[in-house]
Number of protein chains: 2
Amino acid sequence: PKAVQKLSLPDEVSTELLDLLKENGFTSDQLSTDVDIRCRHATGHCLEDVFRIQTGEIGRCPDIVIWPLTEQNCFELVELARTFQWCLIPYGGGTNVTKALSCPPKHVDPRPMVSVDMRRMKKILWINREDGLAEIEAGIVGRDLVEELKKEGLTMGHEPDSIEFSTLGGWVATRASGMKKNRYGNIEDIVREVRLVSPSGVLSQNHHQSGRAHEGTAFGRTSIGTELKDLAIGSEGNLGIISSVVVRVHKLPKETQYASILFPCFEMGAKFMRDVARLSPALRPASIRLADNLQFSLAREISAGANDKSMIMKTLQRLYVGSWLRWKPESICACSILCEGDNEEVAFQLKQLRKILGKYEGIEMGASNGASGYEMTFAIAYIRDFALSQGIYGESFETFVPWSRCQALCDGVKRDVQAAHERRFLPGKPVISCRITQLYEEGACVYFYMAISGQGLSNPCDTFAAMEHEARESCMRHGGSLSHHHGVGKVRSCFLPKVNSPALNSWLRDIKDGIDKQNIFGARNGALSPDAIGVD
Amino acid sequence: PKAVQKLSLPDEVSTELLDLLKENGFTSDQLSTDVDIRCRHATGHCLEDVFRIQTGEIGRCPDIVIWPLTEQNCFELVELARTFQWCLIPYGGGTNVTKALSCPPKHVDPRPMVSVDMRRMKKILWINREDGLAEIEAGIVGRDLVEELKKEGLTMGHEPDSIEFSTLGGWVATRASGMKKNRYGNIEDIVREVRLVSPSGVLSQNHHQSGRAHEGTAFGRTSIGTELKDLAIGSEGNLGIISSVVVRVHKLPKETQYASILFPCFEMGAKFMRDVARLSPALRPASIRLADNLQFSLAREISAGANDKSMIMKTLQRLYVGSWLRWKPESICACSILCEGDNEEVAFQLKQLRKILGKYEGIEMGASNGASGYEMTFAIAYIRDFALSQGIYGESFETFVPWSRCQALCDGVKRDVQAAHERRFLPGKPVISCRITQLYEEGACVYFYMAISGQGLSNPCDTFAAMEHEARESCMRHGGSLSHHHGVGKVRSCFLPKVNSPALNSWLRDIKDGIDKQNIFGARNGALSPDAIGVD
Ligand SMILES: Cc1cc2nc3c(=O)[nH]c(=O)nc-3n(C[C@H](O)[C@H](O)[C@H](O)COP(=O)(O)OP(=O)(O)OC[C@H]3O[C@@H](n4cnc5c(N)ncnc54)[C@H](O)[C@@H]3O)c2cc1C
Ligand SMILES: Cc1cc2nc3c(=O)[nH]c(=O)nc-3n(C[C@H](O)[C@H](O)[C@H](O)COP(=O)(O)OP(=O)(O)OC[C@H]3O[C@@H](n4cnc5c(N)ncnc54)[C@H](O)[C@@H]3O)c2cc1C
């Protein structure tokens, strides 16, 4: 309701748009100018978005939301956009945390803004069981994709924490990473082919003999120059609409086993993680996460109440009668593990872990702790919205960091956030906690949670944004990357000049100019954002 | 000597070029207009190139060859090319088999052609042992790279059969694949960062805080939109000069073990390979290759003489007193295996293979046969040049094919080649043989050798080219891809319209137009070749 007040709804344009669309065969249930729906389509899941939805200060919204049903529909939309000068913004599940879906302000782009909601394009087009491939429409939501494939005894193995709402096309467009990447890879390892509806028409590769690709098409490793999928991955809505994706699918694993390990401190746990990362890929568990003491304690509080704490202490006591006293409750940290494969493989994986574990004084705590560690992750992902209603402003952010700088980064970012909080005389203490998640031989993804109290702040959301900006600077100063998997969008585009050489930033804009002269896909994310360009 | 006759050497231009380059700080030992050197720089290693070198019919050659010593030199060259309207063609080891280095004819591009030979840029810039990363100049030749890293106890693990001559930059530009890709990955898995000297300037990503990247920079998985390395990989000289590359390096493996397995027929061997491909990556040997009966017999003849044959038969007899008679010498095929890792890992890998082996009546033949299988591969790679001098025209070609169509493709291509040979009334019989090399869950690389006798043919090289064209068509008809690792260049660009949708082909040209408006990197490979465009 508040939203309506602050929105200036350009009704005239919508009517014109609506009429044009209907004339061109779009039915009214494929179109909406509803204010709430339009607000949702201008926002993602970052704190600012959630806050703005709550306060009604959305800024510019799409003039209309359209649900294409087919690739042909997408193609027609691009033609209409070209003819009538619209700006198209593809929409997946709206779970991005980068403001990728926000519309450029009117003075930057006066054209009608059209949100293209892909979620009705959700069919599995074909499955090739023998080769383990499937082509799936890009609008399918993660949760449905998992269900549909499960019915066939299959899995794609991509499980981002946002799987409830995010879509296949969104994963590709943001270069997503799932928690089981050790086993199944990141999205770029899973995707074999992308169809992209672009201003030049429908782009596809490997579409043999001019027909549409099918089960028998040679999808796999090729060397045929520039690959379409490499450009579609990470395109953040800038280049076109991803209409369908060919992905690797696998038989559901025979065995799934959880485990958990406690370490006396984060340093020990982090070294353990590094050693696990250096195991050959198949010897690593499908997923392994190390939570710092704060997250560990929080998880324990929330999941099992106070009893759990004493249970853990008792186990420690029993196991290490002589030495357990050295373990301080305020420094213990926990590793949650998920192994997948056939029996022998899972056993071999666990054996490898046990071999390393002793070196770092790790103690196995059993399967149930491991499983609840994962449940927690999903819970924590949505706690933020609840916290906000309690006046607590929180957000997660992530980075990739080489092993050599991992510990220093975790410590340094925490210290810098605390210092920034003090320097600003903010109320109470900040919450700043981290976990090590996706592993690579050369480094890992570190995932931070940061929260502050908004009590007494005149503009808590902006204060938080400033804190987050400082935290990102701290990450990068400590050797972390701009983003491991969230992407750039508009939130992090101001950092791009520190990442891309100036020539690269202009090169990327030249590419865009070459293939989308009218800027039909004008969402202006990443290198195309005014922040990255340095002008508005 | 013959070469000189057929070349019309544009001396005037060279003098002008030479003077300009010297004025701009290039020294005379960085420059050459020698005819032989220029011929070499216009050719690669495909049959036609080798033939043309022998007959002297090279076609257009670069006007000058330049050896840059630094990235700054490369940058200066691009500036000069822009100012004075030159066309630059980066040169690595000249081992491509795609005519990627041939110069466009004068009527297509009248500008001076400048070959940029990268082989004096061969320094290892830094090694970060802790994270397993190194930055290396792009002109380093494979063999030297292996030696240099070995001194440090390290390996990059990329071993194409052309490793003696091909360069790091060439691997990136052609999207190469080495025989140990099961363990270390293909070039795209190994490369973490590329610096590209482009018409827009020096492109680099992850170059933190505007400084040059160094040991401590966060090289690794990132989600920052379009990635420079994705565009550099497979660029085939079209987009700029790759000046240095950050790659993954690994400690040398503790254990290297060869093995070999015989199968009663190719079908059985191929099914075994498919099952191996479905093992988790680390359970697969670093390299595994299945040679068909012809290659197996050939290898045996060449490597060990006639004794070997009876030795193998005796082993079979000893092992399978009852059943060995079913094995026909003319259908036996052989699998060469190379395992790397620590002791336990290698043992576990071999154990996995032995578990599968029995299902397909495979018999282990021991380590020495495995090792000689690999030596053979390197030998075969260069037999072609010798054969040519004997009037035998031979060439290898490769494809990726999904498992479901692998056997049919191997059989079908052989049949089609034989039929084409008959249809053309060519002398004798063609040699057509294949092996299955790089494995993927969804399919494999199949590598063919084809040879014909040139006896009595008026234009044997063209005849062979026509045969090869038909063989490629056959590959694709049977579900194979245009190329698994050789790339497109100019030889295979005429097939691109069957692979890329028309919109994609024009999109790729639009990208090029956007970032290289003057077409400074005008070698016209892949989608930029006139064949792909359909006009000349
Ligand atoms: C609680 C929570 C947990 C999260 N956990 C993870 C995680 O574990 N791993 C991870 O990688 N990310 C995670 N994220 C971030 C987010 O879920 C991902 O970025 C996701 O990939 C976005 O997908 P989406 O379908 O929601 O896309 P949207 O948010 O709708 O869009 C994101 C961008 O992609 C573009 N886009 C979407 N669909 C298409 C299409 N079909 N064609 C072209 N462009 C398209 C949009 O234009 C936009 O630029 C999380 C987010 C939240 C809120
Ligand atoms: C006997 C033999 C065996 C082979 N085995 C394999 C194999 O196992 N696996 C495999 O993948 N290939 C193989 N090949 C093919 C060939 O070796 C590869 O394509 C190799 O990557 C080419 O590298 P090069 O340095 O020789 O490049 P070149 O032949 O010099 O150039 C190839 C292309 O790359 C471009 N290029 C080269 N260097 C740069 C640079 N620094 N910057 C920008 N562009 C550049 C050139 O302009 C050209 O377009 C084989 C070839 C032969 C003759």
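The values are calculated or read from the model by the stated rules, or taken from the named source; none is laboratory data. Everything numeric here is computed off the predicted structure, so don't read it as measured data. When we count neighbours, we look across all protein chains shown, and the Cβ atoms used for this are built from the backbone with ideal geometry, even at glycine.
Figures for the structure shown
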{"item": "Conditions (1) under 21 Å from residue B:265 (Cα atoms); (2) assigned to a strand (DSSP E or B); (3) within 13 Å of chain A (Cβ to nearest Cβ): number failed by residue B:406", "result": "(2)"}
{"item": "Sole residue being crowded, with 21+ Cβ neighbours inside 10 Å, within 10 Å of ligand 1 (Cβ to nearest atom) and either in the same structural domain as residue A:276 (by TED's automatic domain parsing) or more than 12 Å from the chain's Cα centre (by Cα) (or both), chosen from A:187, A:140", "result": "A:140"}
{"item": "Every residue from region B:80-124 that is over 23 Å from the mean Cα position of the chain (by Cα) and over 17 Å from residue B:60 (Cβ atoms)", "result": "B:80, B:81, B:82, B:83, B:84"}
{"item": "Near pairs, Cβ below 9 angstrom, 6+ apart or cross-chain, from region A:166-185 (more than 9 Å from chain B (Cβ to nearest Cβ)) to any residue that is within 16 Å of ligand 2 (Cβ to nearest atom)", "result": "none"}
{"item": "In region B:415-438, residue surrounded by the most Cβ atoms within 10 Å (Cβ to Cβ) [restricted to those that are within 14 Å of chain A (Cβ to nearest Cβ) and at pLDDT below 95]", "result": "B:438"}
{"item": "Unmet criterion (only one of (1) at pLDDT below 80; (2) at negative phi; (3) of a type outside the set (D, E, K, R)) for residue A:305", "result": "(2)"}
{"item": "Selection status of residue B:224, buried (at least 21 other Cβ atoms within 10 Å of the Cβ), within 16 Å of ligand 1 (Cβ to nearest atom) and of a type outside the set (Ser, Thr, Tyr)", "result": "yes"}
{"item": "Residue A:266 vs. criteria more than 28 Å from residue A:97 (Cα to Cα) and either in contact with a strand residue (DSSP E or B) (Cβ under 8 Å, 6 or more places away or on another chain) or more than 13 Å from chain B (Cβ to nearest Cβ) (or both)", "result": "no"}
{"item": "Verdict on residue A:155 being within 30 Å of residue A:514 (Cα to Cα) and either modelled with pLDDT of 95 or more or buried (at least 18 other Cβ atoms within 10 Å of the Cβ) (or both)", "result": "no"}
{"item": "Any hit, region A:239-255, residues being within 12 Å of chain B (Cβ to nearest Cβ), of a type in the set (Val, Ile, Thr), in contact with a strand residue (DSSP E or B) (Cβ under 8 Å, 6 or more places away or on another chain) and not in a strand (DSSP E or B)", "result": "yes"}
{"item": "Checklist (1) in contact (Cβ under 8 Å) with a residue 60 or more places away in the chain; (2) closer than 28 Å to residue A:345 by Cβ applied to residue B:240, failing item", "result": "(2)"}
{"item": "Residue in region A:457-491 that is surrounded by the fewest Cβ atoms within 10 Å (Cβ to Cβ), counting only those that are within 30 Å of residue B:198 (Cβ to Cβ) and out of contact with any strand residue (DSSP E or B) (no Cβ under 9 Å at 6 or more places or on another chain)", "result": "A:477"}
{"item": "Listing of helices (runs of 4 or more DSSP H) fully contained in region B:426-536 that carry 1 or more residues being in contact with an Asp or Glu (Cβ under 9 Å, 6 or more places away or on another chain) and of a type in the set (Gly, Ala, Ser)", "result": "B:460-477, B:502-515"}
{"item": "Selection within region A:186-201 - touching a helix residue (DSSP H, G or I) at 6+ places or on another chain (Cβ under 8 Å) and either of a type in the set (S, T, N, Q) or facing another protein chain (nearest Cβ under 7 Å) (or both)", "result": "A:198, A:200, A:201"}
{"item": "Hits in region B:91-137 (condition: assigned by TED's automatic domain parsing to the domain that holds residue B:37 and at positive phi)", "result": "B:94, B:99"}
{"item": "Members of region A:202-215 that are in contact with a Ser or Thr (Cβ under 7 Å, 6 or more places away or on another chain) and facing chain B (nearest Cβ under 7 Å)", "result": "A:202, A:203, A:204, A:206, A:207, A:208"}
{"item": "Selected residue (only one of B:63, B:49 is more than 15 Å from ligand 2 (Cβ to nearest atom), more than 30 Å from residue B:251 (Cβ to Cβ), buried (at least 23 other Cβ atoms within 10 Å of the Cβ) and not assigned by TED's automatic domain parsing to the domain that holds residue B:200)", "result": "B:63"}
{"item": "When residues of region B:79-100 are limited to those that are in contact with a strand residue (DSSP E or B) (Cβ under 6 Å, 6 or more places away or on another chain) and under 15 Å from residue B:64 (Cβ atoms), the one surrounded by the fewest Cβ atoms within 10 Å (Cβ to Cβ)", "result": "B:81"}
